[in-house]
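The values are calculated or read from the model by the stated rules, or taken from the named source; none is laboratory data. The structure displayed is predicted, hence computed values, not measured ones. Here the Cβ is made from the backbone with ideal geometry for all residues, glycine too, and neighbour counts use every protein chain on show.
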Amino acid sequence: MTAEIRVLIADDQPLLRHSLAILVDGDPALTTVAQAATGTEAVRLARQFSPDVILMDLRMPGGDGIEATREITADPRLAASRVLVLSMYELDEYVYGALRAGASGFLLKDAHPGELLDAVRRTHAGESFFAPAILTRLVDHYVRRPAANPNPDLRILTDRETEVLLLIARGLSNQEIVAALAISIKTVKTHIGNLLAKLHARDRAQLVIAAYENGLVGPRHL
């Protein structure tokens, strides 16, 4: 029997926390292990329960979600925990701040319940998940204001690894990459492992950032 995906919910609104917990616990593959009302509490509870996925609001009292995300992803004891940002804001400063802090994905609070549950499962599986509006903003940001010193150099990648990176940056899941490139899931996972190693990335979200910063993704790819 597959173990349940353990979820920590961090949001300063009690009603939303309760609603999210009902949604999460209604999925037989997921379970809520704790709820936090502040960023500081989210960090403490993450260290106490070591959840698989943390649904993290960004604007909370007592330490915001971005700082909490930074502390969680920097803690070696929580290396297996993934942060999925859930916010009502899609402003650039929040998107980039959350990703730079180590978030594995970014979902807006107006998402359909099924989309949220899918995002939790994909995040736990090691895949990044971004709302379409967020991907569009990332592309626009890096096309208009490319990084002055892109790093690392994508020329170290093979042609196939570059193809896989492009599809990851477009938000495709592993199964969608399998269909797009007509290769096996094992091969996809091997390529992703190589990308993480070569680009010194913690997870797929950092691969997305590398693709944008190096100009691999642009409006023509959407």
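Counting only helices (runs of 4 or more DSSP H) that sit wholly inside the stretch 5-123, those with at least 2 residues that are over 27 Å from ALA210 (Cα atoms) and of a type outside the set (Lys, Arg) are 14-25, 39-49. Taking the stated definitions as given, is LEU167 crowded, with 18+ Cβ neighbours inside 10 Å and in contact with an Asp or Glu (Cβ under 8 Å, 6 or more places away or on another chain)? Considered against the rule, which asks whether it is crowded, with 18+ Cβ neighbours inside 10 Å and in contact with an Asp or Glu (Cβ under 8 Å, 6 or more places away or on another chain), LEU167 comes out as yes. When restricted to residues that are in contact with a strand residue (DSSP E or B) (Cβ under 9 Å, 6 or more places away or on another chain), modelled with pLDDT under 80 and more than 20 Å from GLU115 (Cα to Cα), the stretch 71-98 contains 1.
Table: residues versus (1) crowded, with 19+ Cβ neighbours inside 10 Å; (2) in contact (Cβ under 8 Å) with a residue 24 or more places away in the chain; (3) in contact with a His (Cβ under 7 Å, 6 or more places away or on another chain); (4) among the hydroxyl-bearing types (Ser, Thr, Tyr).
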{"residue": "ASP12", "(1), (2), (3), (4)": "no, yes, no, no"}
{"residue": "ALA29", "(1), (2), (3), (4)": "no, yes, no, no"}
{"residue": "ALA36", "(1), (2), (3), (4)": "yes, yes, no, no"}
{"residue": "ARG44", "(1), (2), (3), (4)": "no, no, no, no"}
{"residue": "GLN48", "(1), (2), (3), (4)": "no, no, no, no"}
{"residue": "PRO51", "(1), (2), (3), (4)": "yes, yes, no, no"}
{"residue": "LEU55", "(1), (2), (3), (4)": "yes, yes, no, no"}
{"residue": "MET60", "(1), (2), (3), (4)": "yes, yes, no, no"}
{"residue": "THR69", "(1), (2), (3), (4)": "yes, yes, no, yes"}
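For the stretch 138-160, the count of residues that are at pLDDT 80 or above, charged (D, E, K, R) and surrounded by 16 or more Cβ atoms within 10 Å (Cβ to Cβ) is zero.
How many of the residues making up the stretch 190-205 are free of Cβ contacts under 8 Å to residues at least 24 places away in the same chain and in a helix (DSSP H, G or I)? Talk me through it step by step, then tell me what you get.
Residues of the stretch 190-205 free of Cβ contacts under 8 Å to residues at least 24 places away in the same chain: 190, 193, 196-197, 201.
In the following step, the residues that additionally are in a helix (DSSP H, G or I) were identified as 190, 193, 196-197.
Adding up the residues that qualify gives 4.
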